[in-house]
Amino acid sequence: MNETAIKVLKILEESPGPISGEQIAEQLGISRSAVWKQIRELRRLGYHISSSRTEGYRLEARTDRLLPYELNKKLRTKVIGRQIRHFERTASTGWVAKRLVTETDPEKLHGMVIIAEEQTGGVGRLGRAWVSPPGGIWATIILRPKIPLDHLFMITMAGSIAIARAIRKEYDLSALIKWPNDIFIGDRKVAGLLLEISAEADTVHYALLGIGIDANVSPDELPSPLRETVTTLATEVGHPVDRVSLFARVLREFELRYQQLEDGEYESIIREWKSLSLTLDRRVAIRTVNKTFSGEAIDIDEHGALLIRKDNGKIERVIAGDCFQI
């Protein structure tokens, strides 16, 4: 959204009633045709603006897009989301973020959020496709972590906690975390995360935290195999949700937990993660790159690895893999 459109929008927001194009033009020092051009742009962005020759323009309803202007009004964060790039459509917010960190010092991009209304090439864990139609929340957070390398996985834990807490606070739904990076409501997945790290030796160059939340996605837009295992927030609450309010809360909740990580408060993160776990104290099947086995998920260690008591009594530490409840 350009600066002139923002100025026109602010006038509409502050006006107690309809306001003429002539009045707007006088306030901004632009022509009436320029006002009309910005009104048209705001409508394209999803704002519902009525117009009358006798009364003028009135803002009837806000956009449902995750525009920086709308998010900034609700964020209340210090770092996370203070820089935002918004796209109507892109292949992947992760790809955009990766390009940015190769072109600019990641330190200057720390906390930036890349948002897309739709992704055409979303990627999940292990390179799997992530279906990302309009209505969801598809984003990547760029981070320049000051966290020891052996605790970087806990960024995913902090993100998982943030999403689960935000859903619980906004909609009173019992969102829980399935190890390693999924958010469930009941027996269906509603969100997921993906952490990508660039590091060498003891130096962390950057981390990219991808977030996908099925907010107002229509179940009809999901591939048929997913309809039995995936849910959406709109489905769970029975009406479309306010994506701006939800995502602003997710970013606030994440900043709080991320700061705990940078302060070395690992136990607090682990304790909160455990309190929201859908996986612990359950029998699970684990599939890693090298093997498949089953057992009871008994704990999470200090680095976020899942501890499994196998059927032979041995304890297996799982750093990465797929986890299925059985």
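The values are calculated or read from the model by the stated rules, or taken from the named source; none is laboratory data. Here the structure is a predicted model, which means the values were calculated and not measured. Because the Cβ atoms are built from the backbone with ideal geometry, glycine has one as well, and the counts that use them run over all protein chains shown. Surface areas here come from the heavy atoms of the whole protein model, side chains and all, with no ligands, DNA or RNA. Shrake-Rupley method; radii C 1.70, N 1.55, O 1.52, S 1.80 Å.
Values as computed for the structure displayed
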read-out: Meets criteria (buried (at least 24 other Cβ atoms within 10 Å of the Cβ) and either of a type in the set (D, E, K, R) or closer than 15 Å to L246 by Cβ (or both)) for D214; value: yes
read-out: Flag if A191 is assigned to a loop (DSSP other than H, G, I, E, B) and buried (at least 20 other Cβ atoms within 10 Å of the Cβ); value: no
read-out: Residue tally, condition farther than 18 Å from T63 by Cβ, assigned to a helix (DSSP H, G or I) and open to solvent by less than 30 Å² (accessible area, probe 1.4 Å), over region 2-31; value: 3
read-out: Which numbered condition R249 misses (of (1) touching an Asp or Glu at 6+ places or on another chain (Cβ under 7 Å); (2) closer than 18 Å to I167 by Cα; (3) of a type outside the set (V, I, T); (4) surrounded by fewer than 18 Cβ atoms within 10 Å (Cβ to Cβ)); value: (4)
read-out: Residue in region 71-83 that is polar (S, T, N, Q), under 17 Å from E196 (Cα atoms) and in contact (Cβ under 8 Å) with a residue 60 or more places away in the chain present; value: no
read-out: Enumerated helices (runs of 4 or more DSSP H) restricted to region 65-183, each holding at least 2 residues that are open to solvent by 60 Å² or more (accessible area, probe 1.4 Å); value: 93-103, 106-109, 154-171
read-out: Residue match in region 41-49 (condition: out of contact with any Leu (no Cβ under 7 Å at 6 or more places or on another chain) and within 30 Å of L226 (Cβ to Cβ)); value: yes
read-out: Output for region 32-47, where each listed residue is hydroxyl-bearing (S, T, Y) and open to solvent by less than 60 Å² (accessible area, probe 1.4 Å); value: Y47
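Matching residues to (1) open to solvent by 60 Å² or more (accessible area, probe 1.4 Å); (2) over 16 Å from G136 (Cβ atoms):
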{"residue": "Y206", "(1), (2)": "no, yes"}
{"residue": "D220", "(1), (2)": "yes, no"}
{"residue": "S224", "(1), (2)": "yes, yes"}
{"residue": "E236", "(1), (2)": "yes, no"}
{"residue": "P240", "(1), (2)": "yes, no"}
{"residue": "E253", "(1), (2)": "no, yes"}
{"residue": "L256", "(1), (2)": "yes, yes"}
{"residue": "Q259", "(1), (2)": "yes, yes"}
